[in-house]
Structure formats: structure tokens, C-alpha cells
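I am attaching a structure below and will ask some questions about it afterwards.
The values are calculated or read from the model by the stated rules, or taken from the named source; none is laboratory data. Keep in mind the model is a prediction, meaning the values are calculated, not measured. Positions of Cβ are generated from backbone atoms using ideal geometry, with glycine treated the same way; all protein chains shown enter the neighbour counts. Side chains are part of the model used for accessible areas, which takes the heavy atoms of the whole protein and leaves out ligands, DNA and RNA. Shrake-Rupley method; radii C 1.70, N 1.55, O 1.52, S 1.80 Å.
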Amino acid sequence: ENMFDLEPDNKFKQILPTIPIKKGSWSLDLYQYEGFWYSLSHLPGMLFAQEHFKPQPNQVILSTFPKCGTTWLKALAFAIMTRSYESEPTNPLLSRLSHDCVPFIEFNIRSSQQRLSLDVPLVSTHIPYTSLPKSIIKSSCKIVYLCRDPKDVFVSIWHFYNRNVTRVLESELGSELGITREKAVLEEDVLESFCQGLLSCGPFWDHILGYWRVSLESPEKILFIKYEDLTNETVYWVKKLAQFIGYPFSLEEEDQGIVQKIIDLCSFENMSNLEVNKNGVVTVEIGIKKDEVSTYELKNNMYFRKGKVGDWKNHLTPAMAIQIDQITEKKLSSYGLTW
Ligand code: A3P
């Protein structure tokens, strides 16, 4: 079944003439909708999800801005939920990218393997809170939001796109997506776009703020986690995550070291060294044209770079770091969020 089969891109066609369009980094066309910018690879699927996605009862929504640790959060939540019946050798996380275990609601990422037959009540999204499908907002589903120091997110995005865009440029999809400029872009250019919010799902700060404010009002609805906290106090946050999504660890499980086992399974070191994540590929399906799904291949190792806190220090000049910090300070500090 394909999420674009039902009603291809009608809504997208309808709104297209009425929404602002701008060029972001890599000359990527971006479309503004409900206060956020989206690339063509994101918007049609998001509109589709807004109209058609219906969460199952007790489904958990994992939400992130791209490059905030989605791959890690998916692995942790999946491992937590499946721990009672998936022991070491059979755990799907050992043979699949976590994106191939937990689907996005706005596009499909799949490997050449058969679809997972397990019914794990987990989905993920990059959609900002205010644009989430109403069905999610109205439901009693829990949302876990993982965010990260904007400086590290910028560095992670920059690397991801530089490696990825070359690939996309080589394919037909490059022209469909409107990417025309020859790769290699200055970090300064990309930083400017990042700061102006000109990237898919941007502005980043508004994305964070949407989830943060609701998590303050309704902590039972949204668990807000920082990548840095998850890195530094992993045991605490993994237990908290398990409890929040309704799969708390029993004392017996804790005594058996199950928490640490899950942490080790999902660690950057372990995940990035798995054969599937070193050499595997996944196909990303996005709905751009009517009756047709565009696809592109991504190497799984694109999702694993360094997995460190503070790598921005190796890439950004002090002036660049200050530029980002000033926006964080201006937009988030009055709400009690700092990095
Ligand atoms: P870096 O580029 O800073 O290394 P996303 O999953 O949202 O696309 O985010 C990707 C970022 O998360 C990358 O950051 C990647 O290395 C890091 N990452 C991936 N798997 C991880 C894991 N198991 N633990 C910690 N970080 C991880």
C-alpha cells in the first residue's frame, strides 16, 4: 500500500499557486506553508498526512527537526517496545536501518527487504507541531520530541546535504526538485539560509518552540528531550522515555541490565558499525507528481557521521557560532530554553 495512492497531489496542486516560494541553499526551491518552509520532497507528503493520517490508539509519535537524532530516537523507542520478544540475534535493528523499522507519516523509507510484519505502535515525523495532522492533536497519542543544539544541527545538516546533494544532482530527481547549482557550497551561504529558516521544516527555532510550549502546558502529552541530555544522562532519559511511552522497565528488568543492553544496542558505536548501516541502502519515496512516486536511494551510512555533542567547535568560526547563538537567545531564552 502506498500513502500516495489514495488521492495523489490534489491538495498540493490546489495550494501551489497561492504560497510563497524562495530559493534556499543549493538553489533548492522552498515553499512556505503555515509558517514553515518545505522542499518539494516534503510538502506533498505532509499535506497528505494532514488529511489522511489516523493514529492508532496508543501510537507514539516521534518528532524531530531533521538531524536532531531521529535515527537514534527511533532505535531506542523501537528497542524499548520490542524488548520482551526481540532478543539479541533477531532484533530487526541489527539488520535494518531504524528508519526502516519506524515509518515517517509524511514519506516512506524502505529497504529491499520485506516490510516488517511486527505491529509496533510507533511512527515518526518532522512536521512542526502547529501543522501536525489534527487527528494527532485530538488523539490521546503521546509525542516524544528530540531536539539539539542548533550549532550541531547546522553542522550535521551541512555535511548531510553536501554528501547527499551530489547524489541527488546526478539523478533525475535533482531537476524535479529544482536543484540546479553545482554542489560545493560555502558554509557561510548555508548558514545564512539556516538562520533565515530557509530549509525544509525551518525555521528550526520555531519548530523547537512549537513543541516546547506544548510540552510545558501538557507534559503528559509531549516528552521534550535534548540530544545533549540523552548523550550525557542516557540511563535516566531512556528510563524516562520508556515510562512515558507506556513501556516502563520493571525492577527485575533493571536488575537484569536490560536498560543498559538497549542503550548499547542503540549506541552510535554499535549502530554505525553494523553491516546494514555501513553498506546498506534505503529507498526514499516521495510523492511529487500525480500517479507517480519519485524515489531516490540513500546510503544508510549517511545517517551516521560522528554522533557527538559539540562537534560544531571543529567546524564553525566563533563569529558563526555567535550568529546562531544570538538567534537561540532571542527566540528561545525567554521561554526557558538555552544551549
Ligand atoms: P552528526 O552529523 O552530528 O554526527 P538524524 O537521525 O535526525 O538524521 O540525525 C543525524 C545525527 O544523529 C547525526 O549527527 C548522526 O551521526 C547522529 N546519530 C545517528 N545515530 C546515532 C546514535 N545511535 N547515537 C547518537 N547519535 C546518532
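Using modelled amide H (1.01 Å from N, peptide plane; none on Pro or chain starts), what sits under 5 Å from the amide H of Tyr33, excluding residues fewer than 5 places away?
Close amide H contacts, sequence-distant or interchain: Tyr38.
Let me ask you something else. Skipping prolines and chain starts, which residues have an amide H placed within reach, meaning under 5 Å, of the one on Lys142, given they are 5 or more residues away or on another chain?
Ile61
Also, quick follow-up: Between the DSSP loop rule and a limit of at most 16 other Cβ atoms within 10 Å, which trypsin sites (Lys or Arg not before Pro) in segment 250-316 are left? Show your work: numbers first, answer last.
Working: sites: Lys261, Lys278, Lys289, Lys290, Lys299, Arg305, Lys306, Lys308, Lys313; in loops: Lys290, Arg305, Lys306, Lys308.
Qualifying residues, ordered by number: Lys290, Arg305, Lys306, Lys308.
Per residue and in cubic angstrom, what volume does the convex hull of the Cα atoms of segment 267-339 have? Mind showing how you got there, number by number?
Working: hull volume 13.0 nm³, N = 73.
Per-residue hull volume (Cα only) is 178 Å³.
Let me have the relative contact order for the chain, percent, based on Cα pairs under 8 Å that are six or more residues apart. Working shown, then result.
Numbers: 502 pairs, mean separation 86.1, N = 339.
Over the chain, the number comes to 25 percent.
Find the accessible area per residue for the chain; the probe is 1.4 Å, ligands and nucleic acids are left out, and the unit is Å².
Numbers: 15260 Å² over 339 residues.
Roughly 45 Å² per residue, with all protein chains present.
Separate question: Can you give the charge dipole size of the chain about its Cα centre, rounded to the nearest 20 debye, using +1 on the beta carbon of Lys and Arg and -1 on the beta carbon of Asp and Glu?
Values: 36 positive and 42 negative charges, 78 e Å.
That gives the chain a dipole magnitude of about 380 debye.
Of the listed peptides 223-231, 109-117, 71-79, 263-271, what is their order by residue-averaged count of other C-beta atoms within 10 Å, with the highest listed first? Don't skip to the answer; put the middle values down first.
On the way: 223-231: 19.6, 109-117: 13.0, 71-79: 25.7, 263-271: 16.9.
In decreasing order of mean packing, 223-231, 109-117, 71-79, 263-271 become 71-79, 223-231, 263-271, 109-117.
Can you figure out the FRET efficiency of Lys134 with Lys13, using R₀ = 30 Å and their beta-carbon distance, to the nearest 0.05? Display every interim value, and only then the final one.
Working: r = 21 Å, r/R0 = 0.71.
Once rounded, the FRET efficiency stands at 0.90.
While we're here: Relative to the Cα centre, what is the charge dipole magnitude of segment 259-339, using +1 at the beta carbon of each Lys and Arg, -1 at the beta carbon of each Asp and Glu, and rounding to the nearest 20 debye?
On the way: 11 positive and 10 negative charges, 46 e Å.
With only Lys, Arg, Asp and Glu charged at Cβ, the dipole is about 220 debye.
List every residue whose amide H lies under 5 Å from the amide H of Asn108, counting only residues 5 or more places away in sequence or on a different chain, with H placed 1.01 Å from N in the peptide plane.
Excluding prolines and chain starts, which carry no amide H, the hits are Glu285.
Could you name the lysines in cross-link range of Lys11, using Cα to Cα under 30 Å and dropping any fewer than eight places away on the same chain?
Lys22, Lys23, Lys54, Lys67, Lys74, Lys134, Lys138, Lys142, Lys221, Lys289, Lys290
What shape does the chain have by the C-alpha gyration tensor, where a ≥ b ≥ c are the square roots of the eigenvalues, rounded means a/c under 1.5, and otherwise prolate means a/b greater than b/c and oblate the rest? Mind dumping the intermediate values first?
Values: a/c = 1.37, a/b = 1.22, b/c = 1.13.
It is rounded, given that a/c, with a ≥ b ≥ c, falls under 1.5.
A follow-up question, please. Contour minus end-to-end for Glu275 and Ser117, with contour as 0.36 nm per residue of separation and end-to-end as the Cα-Cα distance?
Values: separation 158, 0.36 × 158 = 56.88 nm, distance 2.18 nm.
Result for the pair: 54.7 nm of gain on full extension.
I'd like the FRET efficiency for Ser334 and Glu187, computed as 1/(1 + (r/R0)^6) with the beta carbon distance as r and R0 of 45 Å, rounded to 0.05.
The computed FRET efficiency comes out at 0.95.
At 0.36 nm per residue, and after removing the present C-alpha to C-alpha distance, how many nm does the segment from Asp229 to Gln326 gain when stretched out fully? Could you put the intermediate results ahead of the total?
Details: separation 97, 0.36 × 97 = 34.92 nm, distance 2.17 nm.
32.8 nm is the gain from fully extending Asp229 to Gln326.
If the chain between Val309 and Phe268 were fully stretched, how many nm would it gain, using 0.36 nm times the residue separation less the Cα-Cα distance? All intermediate terms of the calculation are to be shown ahead of the outcome.
Numbers: separation 41, 0.36 × 41 = 14.76 nm, distance 1.21 nm.
That works out to 13.5 nm of additional length.
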